[in-house]
Structure formats: C-alpha cells, structure tokens
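Shown next, in structure tokens, is the structure this report addresses.
Each reported figure results from applying straightforward, stated rules to the coordinates on display, with no laboratory input. All figures in this text were calculated on a predicted structure; none of them were measured in a lab. We place every Cβ from the backbone using ideal geometry, glycine too, and count neighbours over all the protein chains shown.
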Amino acid sequence: MSRNTLEKVLYDLSTSGANKKKFAEDPDKFLSRYQLDDAERTLIKEYKVREIADMGVNSMLTWGFWLQAGKTNRDYMKVMKREEA
C-alpha cells in the first residue's frame, strides 16, 4: 500500500470539482488512474477515513476528503475517535 498514492487521490478529490464529479459518477473508473490495490480502493469508496489515517495519510487530507463528500465535521470527529458516526 502506498501512502503517497492515497494522499494524491485524496488531494485530487478535495481540490478539484471535476475530479469530485468523476468520482461520484464512477468511482472505479476514477480510481483506475492511480496505482491502488483493491483494499485501498475499498477504503476510498467507503470513506474509511480512520483506516486511511491509520496508514499514515495526512489527517488534513482525510478531513478534506470527508467534507468534499458532504459529510459533517461532527461525524468526522466521531469516526476519527472510533465512535459511531
């Protein structure tokens, strides 16, 4: 698993409306542009930000990724604290 690749994906999704739209339309097609394994693709598609952060990915990127999906700060904090969201 590559932390750098995961960070690139989250950055691209958090900073580009076009990428966000492509991901929403077809996550598998969007993610095929990156060298990710199946487990990494699943973490991204399922917004498993706690698990992604546990792999060493910058928490600012996981937070931005979470928010770009329209999810709340409150739920992000619950997930990061390993509470129910």
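Odds and ends about this structure:
- Loop-located GluC sites (Glu not before Pro) in the stretch 6-85, at most 12 other Cβ atoms within 10 Å (DSSP): Glu46, Glu83, Glu84
- Put the Cα centre of the stretch 34-85 next to the Cα centre of the stretch 1-25 and the gap is 12 Å.
- Entry for the stretch 2-85 at q = 0.14 Å⁻¹: log10 I(q)/I(0) = -0.41, Debye formula applied to identical alpha-carbon scatterers, no solvent contribution.
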